[in-house]
Amino acid sequence: MDKKIATWAALTAAALLVTGCGGTAGADTAPARPSVPATTTPAEGKGPDGAADQAAAAAAAYRKWGLKPFAAPPAPPRTKPVTRQPGGPVPVISDIPTREKIVFITVDDGAEKDPEFVRMMRDLKVPMTMFLTDSAIRADYGYFKPLAALGNGVANHTLTHPNLRTLGRAAQSREICGQQTRLAKEYGTTPRLFRPPYGNWNEDTRAAAGTCGVDAIVLWRESMQITNMQYQRGDGKLHPGDIILAHFRGPSELKGTTMTEMTADMLRRIQEQGFTVARLEDYV
């Protein structure tokens with residue numbers, strides 16, 4: 001018994017160091033989730049011995065992709081920092097107001113459908129939000145279902161990927177509302193988040209999105225290229241709450257690099273700057 005207690009204490013101390021407990025969460029932040037539930041037993045695989053097994057399994061899964069495991073993100077705030085007020089305009093965001101060292105991964109379009117990427121996400125369990133365009137995904141809606149089943153968000157990126165600034169409000173509504181309907185039919189829930197193609201929007205976009213049931217228009221602060229990111233800020237660094245843009249792209253668009261290789265590079269860039277990844281839908 002004394003040996004198991006000592007093992008549990010050592011694991012708990014290590015977990016506190018890795019997850020950064022005692023950080024700068026505000027008063028509205030929920031208590032951090034324990035990395036090992038205290039009420040379970042080793043026989044269930046969730047006690048001290050089970051936690052070590054889980055940590056070893058996670059390390060092995062990340063090693064498979066040439067990566068190290070991420071620290072667990074903090075518990076999301078009790079009150080979401082970005083909300084649409086009843087009857088108010090749709091918020092337009094490029095980042096989330098937070099002091100935590102977290103970022104959010106978003107992946108656009110849906111043209112590349114690499115089965116290895118699904119395996120990678122199943123192994124790593126890194127959250128992302130998929131902004132899907134119907135013209136890019138309609139040949140294989142099923143590809144994205146296992147990704148959604150992992151808890152990744154399904155969001156709206158229009159029916160045909162037009163530059164919305166060139167369209168009137170009625171045409172914009174058809175693009176946005178039409179994709180709301182398609183995605184709800186295929187994936188079972190109506191998206192709350194919308195990204196305009198190319199990041200181009202105007203007040204007609206905002207009004208149309210509002211009538212289609214969108215809670216936020218999501219832009220970005222960084223965009224992942226092939227091996228590195230493009231930064232909007234002059235300091236060339238990630239900031240707490242930044243939203244990162246990537247795409248479902250393959251070797252033909254990534255100069256021979258696969259989507260999993262690009263994703264691994266993105267995750268390394270995030271880790272190198274001391275950040276972990278949180279789920280966007282928990283904050284918006």
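Over the stretch 111-213, what percent of the accessible surface lies on carbon and sulfur atoms, probe 1.4 Å? It would help to have the intermediate numbers written out before the result.
Working: 2210 of 4320 Å².
It is 51 percent, rounded to a whole number.
Give me the accessible area per residue for the stretch 41-164, probe 1.4 Å, as a whole number in Å². Display every interim value, and only then the final one.
Values: 5560 Å² over 124 residues.
That works out to 45 Å² for each residue.
For a protection proxy built on the mean count of beta-carbon atoms within 10 angstrom, sort 56-64, 165-173 highest first, please.
Details: 56-64: 13.3, 165-173: 15.1.
Most protected by this proxy first, the peptides run 165-173, 56-64.
Expressed as a whole percentage, what fraction of the accessible surface of the stretch 216-284 belongs to carbon and sulfur atoms when a 1.4 Å probe is rolled over the protein heavy atoms? Present the calculation step by step, with values, prior to reporting the outcome.
Working: 1170 of 2700 Å².
Carbon-and-sulfur percentage of accessible area, whole number: 43.
Once amide H atoms are placed 1.01 Å from N in the peptide plane, what residues at a sequence separation of 5 or more from ALA111, or on another chain, have their amide H within under 5 Å of its amide H?
For ALA111, whose amide H was placed from the backbone, the distant partners under 5 Å are PHE248.
Give the peptides 249-259, 67-77 in descending order of average Cβ contacts within 10 Å, highest first. Mind showing how you got there, number by number?
Working: 249-259: 15.1, 67-77: 18.3.
Output ranking for 249-259, 67-77: 67-77, 249-259.
If you plug each phi of the stretch 190-200 into the Karplus form 6.51 cos²θ - 1.76 cosθ + 1.60 with θ = phi - 60°, what whole-Hz ³J(HN,Hα) values come out, in order, with x for Gly and Pro?
Karplus-based 3J(HN,Hα) across the stretch 190-200 equals 7, x, 9, 10, 9, 10, x, x, 6, x, 8 Hz.
The values are calculated or read from the model by the stated rules, or taken from the named source; none is laboratory data. Just so it is clear, the structure is predicted and the values come from calculations on it, not from any experiment. As a convention, Cβ positions derive from the backbone with ideal geometry for all residues, glycine included, and neighbour counts pool all protein chains shown. Just so you know, the surface numbers come from the protein's heavy atoms only, side chains and all, with ligands and any DNA or RNA stripped out. Shrake-Rupley method; radii C 1.70, N 1.55, O 1.52, S 1.80 Å.
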